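Enquirer: Have a look at this one.
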Ligand SMILES: Cc1cc2nc3c(=O)[nH]c(=O)nc-3n(C[C@H](O)[C@H](O)[C@H](O)COP(=O)(O)OP(=O)(O)OC[C@H]3O[C@@H](n4cnc5c(N)ncnc54)[C@H](O)[C@@H]3O)c2cc1C
Ligand code: SF4
């Protein structure tokens, strides 16, 4: 391609996750003559996809019923649920909340499922482009979104072009679907530009960690789904663990930590590793081997944090909007529903502006409304949150109030104002030993000669103010050890950014208490190469 190449489509979709691919497929199912492309920043489809994932098949069955005849390699019907409260030494079985009942659902590798959905989309005539990272929206003369600009495929660290690469490629279309997943960088730009969040409360997030393990024979019970609350998190930190038993002696293990935590000393990666050390989990893992590691943020704000989903020329889909049902920890079917609904809305002649109301009135919107008060109820601690959850479940969300969500960047307390609780964390014995070793299991890679995609607006603040007030929490909440405080040649402290390690989880963009970190898209094809997550 030459400089300033322009590609034209009837619809451009940013992000080959469940939302984007469901939208593309539905568009072509309804109108085979409409030209549709899907842009994906990962080097291959599914390589940036990280999810549990317990799949509620309701949307996939409606979109592509044949999937059951060709399931992904990792696809295990759920046979049993278990819900437990962990103390440092014990595991107490609790009644299973209705939201956590998974009868009829499947444990899948979402990455593998995306590969299959993308090839189905291609069979319908969709152009799917991996390694295409959309960096900015384009606008027409009337101010409507008119497509996207791709991040330069090969600019050097000093800003000069690399020979043989395309610069400034534009993909233009009358409608753009933003399906970037949680904390999308285009979504962030567009929400600010069109004031889409002025009537919602702040989006709030979780940070999810996950590993795939190969275990000694005979230890797993395929189809068993285990969820936990409690240790290693304290009662004032939202989150929980999961263990999903696969076939062939494999197992998914993970922990989600609410990014509304207050403790500036909390290290979420360490919390995940501690979860693995609990006797009930360690007994499964000991003698096994981790095959893959990853981390990704989750949009957990639900109904009241939903921005307006439509603007002139574009709509927000899936986690980029915040359609995930956090009470169920399920966003895949919701993301697919939003993508399908957007396609159907467009096909029926609807204006982009009408999509917001259409989503809120749809089955996906109603699902979010019913659980809207469950997550905010945990602001008062684990037990108050569980009790409130029971009430909200019994009343089907008909309580006459809607609890507000709050900005995660503002929830962190200063070091001198927050006495961290005793966590009873233990010496670790299981791999990976640290974040560097973990990142190796994410196979993440960024060309060292590309511009740093993590823009820290004022690094002096890190050394002078943040170190005193919060102790540089980015060095703890980043799951890939990207941020380090080091001594420079004169012995002064400075921030070092190991951008090549980034796994694109977006936690730094969300949780930095001064909001001076801006995650921008790196060169297409950079980032993790998740296998089977
Ligand atoms: C640890 C964890 C556990 C979870 N467990 C479950 C579960 O058990 N069940 C469930 O249903 N849900 C679960 N979820 C949530 C679920 O994964 C998401 O709700 C769902 O994947 C959202 O789909 P999406 O298409 O909106 O976004 P994503 O799946 O995030 O896909 C977005 C895609 O867009 C790409 N992209 C982003 N920006 C750009 C750009 N600028 N240019 C090009 N490409 C871009 C990304 O690389 C990605 O491939 C879990 C999530 C996590 C993190
Ligand atoms: S640098 Fe930011 S986006 Fe990248 S892994 Fe660390 S916290 Fe996540």
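Laboratory data are not the source of any read-out in this text; all were calculated from the coordinates shown. Treat the numbers as computed from the prediction; the structure is a model and nothing was measured. Here Cβ is always computed from backbone atoms with ideal geometry, including for glycine, and neighbour counts include all displayed protein chains.
Enquirer: For a Förster distance of 35 Å, can you work out the FRET efficiency between the beta-carbons of residue 248 and residue 393, rounded to the nearest 0.05?
Expert: Step by step, r from the Cβ atoms, then E = 0.45.
Enquirer: Which whole-number percentage describes the relative contact order of the range 278-336, with Cα contacts under 8 Å and a sequence gap of 6 or more?
Expert: RCO, the range 278-336: 26 percent.
Enquirer: Same structure, new question: Using the Kirkwood radius over C-alpha pairs as Rh, can you work out the diffusion coefficient of the chain via Stokes-Einstein at 37 °C, viscosity 0.692 mPa s, in µm² per second?
Expert: 140 µm²/s
Enquirer: Compute the FRET efficiency between residue 420 and residue 280 as 1/(1 + (r/R0)^6), taking r as their Cβ-Cβ distance and R0 = 30 Å, and round to the nearest 0.05.
Expert: After rounding to 0.05, the efficiency reads 0.75.
Enquirer: Among 487-500, 137-150, how do they line up from the highest to the lowest mean number of other beta-carbon atoms within 10 Å?
Expert: Listed from highest to lowest mean packing, they are 137-150, 487-500.
Enquirer: Which percent of the Cα-Cα distances in the range 465-533 go past 18 Å?
Expert: Values: 1005 of 2346 pairs.
Every Cα pair in the range 465-533 considered, those over 18 Å come to 43 percent.
Enquirer: Ignoring everything except DSSP H segments at least 4 long, calculate the 222 nm mean residue ellipticity for the chain; use -39,500 (n - 2.57) per segment, divide by total residues, nearest 500.
Expert: It comes out at -6500 deg cm²/dmol, rounded to the nearest 500.
Enquirer: Could I ask something else about it? Would you mind calculating the gained length between residue 403 and residue 366 on full extension (0.36 nm times residue separation, minus the Cα-Cα distance), in nm to one decimal?
Expert: Gain on stretching residue 403 to residue 366: 11.7 nm.
Enquirer: So for each of 407-414, 297-304 I average, over its residues, the number of other beta carbons within 10 Å; can you give me the resulting order with the highest mean first?
Expert: The peptides rank, most packed first, as 297-304, 407-414.
Enquirer: Find the relative contact order for the range 427-496 and round it to a whole percent, using C-alpha pairs within less than 8 Å whose residues are 6+ positions apart. If you can, show how the numbers build up before the last one.
Expert: Details: 42 pairs, mean separation 19.7, N = 70.
Contact order relative to length: 28 percent.
Enquirer: Counting other C-beta atoms within 10 Å, which of 483, 9 has the fewest, and how do the rest follow?
Expert: Listing 483, 9 from fewest to most nearby Cβ atoms yields 9, 483.
Enquirer: Using label points projected 7 Å from each Cα along Cα→Cβ, tell me how many nm separate residue 443 and residue 158, to one decimal.
Expert: About 3.4 nm, to one decimal.
Enquirer: Right, something else. What number, in percent, do you get for the relative contact order of the chain if the mean sequence gap of Cα pairs under 8 Å and at least 6 apart is divided by its residue count?
Expert: That works out to 21 percent.
Enquirer: I want to make sure I understand the PRE zone here: with the label point 7 angstrom from the Cα of residue 353 toward its beta carbon, which residues in the range 135-154 have backbone N atoms less than 14 Å away?
Expert: 143-145, by backbone N distance to the label point.
Enquirer: Order of 343-355, 327-339, 31-43 by packing, highest average Cβ count within 10 Å first? Spell out each step's value before the answer.
Expert: Details: 343-355: 16.8, 327-339: 27.1, 31-43: 20.5.
Put in order of decreasing packing, that is 327-339, 31-43, 343-355.
Enquirer: Shifting gears a bit: Using 1/(1 + (r/R0)^6) with R0 = 41 angstrom and r between the beta carbons of residue 410 and residue 73, what's the FRET efficiency to the nearest 0.05?
Expert: 0.45
Enquirer: How far apart, in nm, are two points set 7 Å out from the Cα along the Cα-to-Cβ line at residue 149 and at residue 463?
Expert: 3.2 nm
Enquirer: Just want the ordering: 316, 113, from fewest to most Cβ atoms lying within 10 Å of their own Cβ.
Expert: Details: 316 31, 113 26.
Listed from fewest to most nearby Cβ atoms, that is 113, 316.
Enquirer: Using the 10 angstrom Cβ neighbour count as an exposure proxy, how do 511, 156 rank, fewest first?
Expert: Least crowded to most crowded, the residues run 156, 511.
Enquirer: For residue 5 paired with residue 452, estimate the spin-label separation in nm (one decimal), with each label point 7 Å from Cα along the Cα-to-Cβ line.
Expert: Each label point lies 7 Å from its Cα, and together they span 3.1 nm.
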